[in-house]
Amino acid sequence: MNVRLLLLAVPLACVTADDGIWLFNQFPKERVKKAHGVAITDALLDRLRLASVRLEGGGSGSFVSPLGLVFTNHHVASDCIQKLSSSATDYMSNGFWAATAADEKPCPDESVNVLLEIRDVTARVNSAISASSSPAEATRKRKAARIEVEQECTQSSGGNLCQVVTLYSGGLEHLYRYKKYTDVRLVFAPEDSIAAFGGDPDNFEYPRYCLDFAFLRVYENGKPAATPNYLAWSKTGAREKDLMFVSGHPASTGRLATLAELEFFRDYSYPLNTETLAAIISALETYGKESAENKRIARDLLVALQNSYKAFSGFLGGLRDPALMARKRDEDATLRNAAARNAKQLEELNAVLGEVGSAYQSYRDFYKEYHFFEYRPVRGSDLFRIALNILRSGVEKAKPNSERLKEYTDSALPRTEQSMFAAIPIHESMEIVVVKAWLTAIQKELGPDHSLVKEALAGRTPAEAAEAYVRSSKLKDVAERKRLAADPAAAAASEDGMMKLARMVDPHGRRVKRQYEDRVQAAVENAASRIARVRYSLFGTGDYPDATFTLRLSFGPATGYTNRQGKPVPWATLFSGLYQRATGVEPYALPPRWKTPPKGFRLATPFNFVTTADTHGGNSGSPTVNANGEVTGILFDGNIESLPNRFVYRANDQRSVHVASQGIVEALRRIYKADRVLAEIGISVK
């Protein structure tokens, strides 16, 4: 959990002009007008909010037609694309285009959410806590109150998805009410070799040449959903110096993290993350080299893990930068100096910051177990994820709603069950690879004498144990999953290999989860509420909270920069640069239809471009719009220099990377002849 102070430790006047992942109900319209001369209306904000969507599989998107057409990244839709593919119909390699509505293919386990309402429930959540509540008790009471609010909302709104979102580490509690679409279908996707041109070497780099977009569609009652709040496509496209807005769902940031938390990330959690990711990546790369089919099977997971590895490496690099850490120390000092005007405030601030430091010192004692047993148990294994959900769902549903694990509350259970029972392709050979990697990691990091390590291996090598667990599992069969989920006693006694492994991990996961909640989260939440009181009295309100995978709005102009080698980098790349970059060898090989540009293809069309917009992981697929709310592109990445922006926003050479809307139109029109989708987004097919 991020420990977030209520506001930045510097006055707002010192904040960079384009800094901010803003709540829609706190968007700084006057600041934008003053800095950029652009007036943002409430009507535009409402349209952007209702047109922006969150994909529960991870990522953002937007409606771009009145018939439920969703515009997102190829790499956000790739989970669906991969699950619809096979060795005979490889839509990842060959692309996909539904020539008619009947050809649109259902995604096995994707959901799309649209934010309808934000309501402040801070007083309701905090009323559950008494002055005599211990930190651990207060945390449990807040959790129960949030679940109660969500349940009431779901029941009173006819089944809408309701989530209480904690902001400023408990300074605010907001209820987000969403309309949820569970029938999501694939409409269009380019080949992955052009969508992710440059592969891992070019990831988080710029200049870029990626056609990273796809179209999905949401359905209701078997028909395309009516979505009157949609974004029109710009007729001019992205232009240099134009102010751009990015509406999406950044997953998490640490701008308001205390120094103790950043030091914990730097010294413990991020090094372990990068080390374990590197091991899984290496194992999957070896597996992919064994055959073309193995390479196809592993492709989507491998790309996702490589992306995470590069991101964590960038975050870690930022935290190892003495200048960044010095700035965070200065922020702490600024806060303390401001509080020093009141002796009682300073005493309380020093006390709570000390409590946070002690909590993170305690976390070091069990973080590895938390990482392997609860945060990322058997990473990459669909079979294990399904097995653990089956096991836990039966146990949790028997409890009162307020006492359940978050994933199994009434509001969250439909999504959990959708994922649990989805008819997805499961490949035993790859499952063995990732289970072996996890067993190898826990043996190395926790030691051969750890009780779970001994039980899971039972005298076998990680390879032998992984083979046994996977080969003896029947959970590829959806009917078997449903049978076990419906009968907790059968799940508890099942001899299925992955169910046995889940039963081994579950008590350890629950143990470290409780340790985390009681020893870290409780101390942090208790401290945060007290820090909030100090900050309110010192600075007032008006800044943005850290990201929470909820809807935010960022802004910044399309502008180039000077890189760290002192060379100017243009605001946009052109299709002509793609052909100069292509070598014919992966990851710089073009798909067949791209190798020779067709007649009329305009090589001078902007392809990718950069802005100073403040974006982060989870923003992928966010629509990029101009001041009129018209689509000028889609966010798909940031440059490597932007990764430390997770902690401190800087805009000198840090940039968000987008696909230009006019480049997308040129590709749809000239390369794919996708007349149906062009007409639907209001663009001439000629």
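The values are calculated or read from the model by the stated rules, or taken from the named source; none is laboratory data. Worth saying up front: this structure is predicted, and the values here are computed from it rather than measured. Cβ sites come from the backbone with ideal geometry, for glycine too, and all protein chains shown count toward neighbours.
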task = Within the range 124-144, identify whether any single residue is of a type in the set (Gly, Ala, Ser), at pLDDT below 95 and at positive phi, and answer yes or no.
result = no
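Can you spot a residue in the range 427-449 that is within 30 Å of Leu175 (Cβ to Cβ), assigned by TED's automatic domain parsing to the domain that holds Leu305 and out of contact with any Asp or Glu (no Cβ under 8 Å at 6 or more places or on another chain)?
Our first condition is that a residue be within 30 Å of Leu175 (Cβ to Cβ); within the range 427-449, this holds for none.
Scanning the range 427-449 turns up no residue that is within 30 Å of Leu175 (Cβ to Cβ), assigned by TED's automatic domain parsing to the domain that holds Leu305 and out of contact with any Asp or Glu (no Cβ under 8 Å at 6 or more places or on another chain).
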query = Given Ala613, Ala651, Ala660, which one is aliphatic (A, V, I, L, M) and surrounded by fewer than 24 Cβ atoms within 10 Å (Cβ to Cβ)?
reply = Ala651
ask   = Restricting attention to the range 561-581, which residues are in a loop (DSSP other than H, G, I, E, B) and buried (at least 17 other Cβ atoms within 10 Å of the Cβ)?
value = Trp571
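Is at least one residue of the range 103-122 among the small types (Gly, Ala, Ser) and not in a loop (DSSP other than H, G, I, E, B)? Can you show your working first?
The first filter runs over the range 103-122 and keeps only residues among the small types (Gly, Ala, Ser), leaving 111.
Next cut, not in a loop (DSSP other than H, G, I, E, B) only: none.
So far as the range 103-122 goes, no, none of its residues is among the small types (Gly, Ala, Ser) and not in a loop (DSSP other than H, G, I, E, B).
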task = Report whether or not Asn608 is surrounded by fewer than 24 Cβ atoms within 10 Å (Cβ to Cβ), assigned by TED's automatic domain parsing to the domain that holds His74 and at pLDDT 95 or above.
result = no
request  = Assess whether Ser381 counts as being in contact with a strand residue (DSSP E or B) (Cβ under 8 Å, 6 or more places away or on another chain) and buried (at least 21 other Cβ atoms within 10 Å of the Cβ).
outcome  = no
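Name the single residue, out of those in the range 1-40 being in contact with a Lys or Arg (Cβ under 8 Å, 6 or more places away or on another chain) and modelled with pLDDT of 50 or more, that is nearest to Leu262 (Cα to Cα). I'd like the intermediate steps shown before the answer.
Pass one, the range 1-40, residues in contact with a Lys or Arg (Cβ under 8 Å, 6 or more places away or on another chain): 4-8, 16-17, 21-24, 39-40.
Filter again for modelled with pLDDT of 50 or more, leaving 17, 21-24, 39-40.
Numbers: Ala17: 25, Ile21: 20, Trp22: 22, Leu23: 24, Phe24: 28, Ala39: 37, Ile40: 35 Å.
Residue satisfying both the conditions and the ranking: Ile21.
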inquiry  = Regarding the range 464-476, can at least one residue be identified that is over 18 Å from Trp438 (Cβ atoms), in a helix (DSSP H, G or I) and either out of contact with any helix residue (DSSP H, G or I) (no Cβ under 7 Å at 6 or more places or on another chain) or in the same structural domain as Ile280 (by TED's automatic domain parsing) (or both)?
reply    = no
query = How many residues does the range 41-73 hold that are over 28 Å from Glu407 (Cβ atoms), in a helix (DSSP H, G or I) and either in contact with an Asp or Glu (Cβ under 8 Å, 6 or more places away or on another chain) or among the charged types (D, E, K, R) (or both)?
reply = 3
inquiry  = If I filter the range 335-353 for residues that are closer than 18 Å to Tyr516 by Cβ and either of a type in the set (A, V, I, L, M) or loosely packed, with under 15 Cβ neighbours inside 10 Å (or both), do I get at least one hit?
reply    = no
ask   = Residue check, Val187 against (1) in a loop (DSSP other than H, G, I, E, B); (2) buried (at least 20 other Cβ atoms within 10 Å of the Cβ); (3) assigned by TED's automatic domain parsing to the domain that holds Ala51, all met but one. Which one?
value = (1)
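From the list Asp109, Asp46, Asp79, pick out the single residue that is under 24 Å from Gly618 (Cα atoms) and modelled with pLDDT under 95.
On the way: Asp46 fails: modelled with pLDDT under 95; Asp79 fails: modelled with pLDDT under 95.
Being under 24 Å from Gly618 (Cα atoms) and modelled with pLDDT under 95 holds for just one of Asp109, Asp46, Asp79, which is Asp109.
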message = I'm checking my understanding of the structure. Among residues of the range 168-184 that are modelled with pLDDT under 95 and out of contact with any Phe, Trp or Tyr (no Cβ under 9 Å at 6 or more places or on another chain), which one is surrounded by the fewest Cβ atoms within 10 Å (Cβ to Cβ)?
response = Leu172
query = Could we say that Ser642 is assigned to a helix (DSSP H, G or I), surrounded by 24 or more Cβ atoms within 10 Å (Cβ to Cβ) and not hydrophobic (A, V, I, L, M, F, W, C) here?
reply = yes
message = Restricting to the range 288-305, name every residue that is over 17 Å from Gly58 (Cβ atoms) and small (Gly, Ala, Ser).
response = Gly288, Ser291, Ala292, Ala298
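Return the only residue of Ala298, Ala257 being more than 17 Å from the chain's Cα centre (by Cα) and at pLDDT below 95. Before you say what the answer is, go through the steps one by one.
On the way: Ala298 fails: at pLDDT below 95.
The match here is Ala257.
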query = Which condition does Thr615 not pass, out of (1) under 26 Å from Leu216 (Cα atoms); (2) polar (S, T, N, Q); (3) touching a Gly at 6+ places or on another chain (Cβ under 6 Å), if it passes all the others?
reply = (3)
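Filter the range 14-54 for residues that are small (Gly, Ala, Ser), under 30 Å from Lys179 (Cβ atoms) and surrounded by fewer than 22 Cβ atoms within 10 Å (Cβ to Cβ) and give the result. Break it down stepwise before answering.
Applying the first criterion (small (Gly, Ala, Ser)) to the range 14-54 yields 17, 20, 35, 37, 39, 43, 51-52.
Keeping just the survivors that are under 30 Å from Lys179 (Cβ atoms) gives 20, 39, 43, 51-52.
Hits for the range 14-54 are Ala39, Ala43.
Please go through the range 286-312 and pick out each residue that is loosely packed, with under 15 Cβ neighbours inside 10 Å, in a helix (DSSP H, G or I) and either acidic (Asp, Glu) or assigned by TED's automatic domain parsing to the domain that holds Ser193 (or both). Quick ask: steps written out before the conclusion?
So the first thing to find is which residues in the range 286-312 are loosely packed, with under 15 Cβ neighbours inside 10 Å, and the list is 286, 289-293.
Checking which are in a helix (DSSP H, G or I) leaves us with 286, 292-293.
Within the range 286-312, just Glu293 meets the criteria.
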task = May I ask you to say which residue of Phe264, Phe215, Phe245, Phe204 is closer than 22 Å to Ala547 by Cα and either more than 24 Å from the chain's Cα centre (by Cα) or in a strand (DSSP E or B) (or both)?
result = Phe245
inquiry  = Criterion first (among the aromatic types (Phe, Trp, Tyr), part of a helix (DSSP H, G or I) and modelled with pLDDT under 95) does Tyr536 satisfy it?
reply    = yes
ask   = What are the residues in the range 655-667 that are touching a Phe, Trp or Tyr at 6+ places or on another chain (Cβ under 8 Å) and not in a strand (DSSP E or B), if any?
value = Arg655, Ser661, Gly663, Ile664, Val665, Glu666
key: Among residues of the range 203-242, those that are among the hydroxyl-bearing types (Ser, Thr, Tyr) and surrounded by fewer than 16 Cβ atoms within 10 Å (Cβ to Cβ), counted   = 1
ask   = What are the residues in the range 113-136 that are exposed (fewer than 15 other Cβ atoms within 10 Å of the Cβ) and out of contact with any strand residue (DSSP E or B) (no Cβ under 7 Å at 6 or more places or on another chain), if any?
value = Ala123, Ser127, Ser130, Ala131, Ser132, Ser134
query = Which pairs do you get when a residue that is outside the structural domain of Phe647 (by TED's automatic domain parsing), found in the range 313-338, comes within reach of a residue that is at pLDDT below 85 and part of a helix (DSSP H, G or I), reach meaning Cβ atoms under 6 angstrom, with the pair 6+ apart or on two chains?
reply = Ala338/Leu538
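Can you give me the ranges of the helices (runs of 4 or more DSSP H) entirely in the range 350-454 with at least 3 residues that are more than 26 Å from the chain's Cα centre (by Cα)? Step through it out loud before you land on a result.
On the way: elements: 367-370, 382-397, 413-421, 428-446.
It comes to 382-397, 428-446.
Hey, among Glu110, Glu104, which residue is acidic (Asp, Glu), touching a helix residue (DSSP H, G or I) at 6+ places or on another chain (Cβ under 7 Å) and either within 13 Å of Phe188 (Cα to Cα) or buried (at least 23 other Cβ atoms within 10 Å of the Cβ) (or both)? Write out each step before concluding.
Values: Glu104 fails: touching a helix residue (DSSP H, G or I) at 6+ places or on another chain (Cβ under 7 Å).
Answer to the check: Glu110.
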